[in-house]
1. So between E38 and M53, what do we pick up on full extension, going 0.36 nm a residue minus the alpha carbon distance?
2. If I model a spin label at Y29 and K62 as a point 7 Å from the Cα along the Cα→Cβ vector, what separation in nanometres do I get?
Amino acid sequence: MSEKPTTIKLSKATKERIDNLQVYPKEPYDRILSRILEILNVCHINPPRARAMLLGIDRQRKMNGLSASRYKEQEKSSKESIFDNGN
């Protein structure tokens, strides 16, 4: 049984944040989002293990030539936008 693809609407900022979690170029969003959900589930049970999983993503990104600096810039801007209510 094949799963039918679907479309979801994301803001450009959210898409860029997801792109920054790719461990290799052109990694499918389904795989990235599945990994994010897995880490979130692990975080509830074992936060240190979830942190280790995130550090593993950083290592894989570096090995595959993907920069972590873009992620850090995105994270900084998203923290700043938490207080922006869009007005």
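Derivation of every value follows stated rules applied to the coordinates shown; laboratory data play no part. Every value quoted in this text rests on a predicted model; they were computed, and no experiment measured them. Cβ: placed from backbone, ideal geometry, glycine included. Neighbour counts: every protein chain shown.
1. Numbers: separation 15, 0.36 × 15 = 5.40 nm, distance 0.97 nm.
The E38-M53 span can extend by a further 4.4 nm.
2. 3.0
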